[in-house]
Every structure is written in structure tokens, then in C-alpha cells.
1. With the requirement that a residue be away from chain A (no Cβ under 11 Å) and free of Cβ contacts under 8 Å to residues at least 40 places away in the same chain, what does the range B:9-45 give you?
2. Mind checking which residues of the range A:19-37 are surrounded by 13 or more Cβ atoms within 10 Å (Cβ to Cβ) and assigned to a loop (DSSP other than H, G, I, E, B)?
3. Scan the range A:90-114 for residues that are part of a strand (DSSP E or B) and more than 9 Å from every other protein chain (Cβ to nearest Cβ) and report the count.
4. Tally up the residues in the range B:46-86 that are farther than 20 Å from residue B:27 by Cα, in a loop (DSSP other than H, G, I, E, B) and touching a residue at least 40 places away in the same chain (Cβ under 8 Å), please.
């Protein structure tokens, strides 16, 4: 069975600093995708970044990067130069290729301090 | 481009009452999803539509929950009767048709959700 574990219920970071949000996963599949979503207080889930299991390079999208360590089954999200608007819940998720169903973690609430 | 629209944003009802949620997906997206998000949890898929057909409703509690997407566009999720444990956020999402074979993923676009409180 697939499982996503996010062990940090809450994190604080100073504005302009970098922060790492942890995500570990468990799957017996060889091919899978890893995703990070942001959920601000307004409620919608906003897609941030995607990493495929066969991708050799770590994914990057602007200030977001994914530290993918396949052997350790971890897919940590790194946010550089944190902004006040980054305060939100962050969810790590996994999907099998060609499927629609996400397996989400329990999320990490990030608070950026001025 | 307009995003996924949901209404109402908040709903408070007493237990045993019926309740309905409405979703308007992004134009042109033929796949529509309803998710349940309990407090402190990630979303869980309830049902997925391809056009007007419910192709995955395995997680939908069919004794009290129902959904429809009559013309393959808007969708309604209903609970009758509501129970205390149904208090949660109900998220709707849409996506274009998954293409390109098994190697690919498509992005799901989420609405703001409806927060249901059952008293």
C-alpha cells in the first residue's frame, strides 16, 4: 500500500530565510509521481511542484525545489527566501502514473514570521 | 481564466438535515472530482466523473451520499441525512483528460471548498 508521512505538524520560519518541509513515502511501485500542494486559509489546493520517480534531476519551480532522495524514499520541499504569503498548509502527495488518485499526507502548517 | 467555483463556501446545518454542494469546473475540463478533507488531514477522493459518468465512486458512502453531473459540466454532491461526523471541507477539482499513456500525470485544479458544520 502507498503511504505519505509528514512528521512536522507545524513549522516557523523567518521571512527571507529558507525552510525545508519533510515528506517520506512508502510504495512498492517502481514508477510514481510525487507532488506538493499549498493550501492557504482560503481553502483551495494550489499545485507547487512535481517529481517523477525516474527523474534524475531534482525538480525546481521558482522558489520551490524538491530534494528527492529515492533510496531514502524522501521528497522534501525546500522554499527559498520565504515570504509572508507562504504561510499556509503544505501537503505532500503521491500518484501512480496514468491514474487520478492522490495519496496525501497529513500536511505541515508553515508560518512565516516578519 | 476562471477557476473551479464552489458554493456555498460555508454551511451550518443540524444533524439529520439534507445538504447539497455545487461545483462548476474549469471550462473544457471533462474530469471532475469531489474530495473530503477532514480537519488535520489531506483530501480523500470521494468520486470522480468523466463527463457525466461516475467512473470511480468506490469511496463514496452510498447510504447517505449521492452525486450527479447531469450535463457533464456542473456537479452536485448531496448528503441526506447529515451526521455529526460529516463536518469537514468538501473540495471539488477538475482536470483535462489524461493523455499520453501511463507515463503522464495531469494537474488537478481545486476549488476553495465548502466547509460543512453539522450541529
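1. B:27
2. Listed by number, the residues that qualify are A:22, A:23, A:27, A:31, A:32.
3. 8
4. Within the range B:46-86, residues that are farther than 20 Å from residue B:27 by Cα, in a loop (DSSP other than H, G, I, E, B) and touching a residue at least 40 places away in the same chain (Cβ under 8 Å) number 4.
Values quoted throughout were computed directly from the atomic coordinates according to the rules given, and no laboratory measurement underlies them. Just so it is clear, the structure is predicted and the values come from calculations on it, not from any experiment. Quick reminder, even Gly has a Cβ in these numbers, built from the backbone with ideal geometry, and neighbours come from all protein chains shown.
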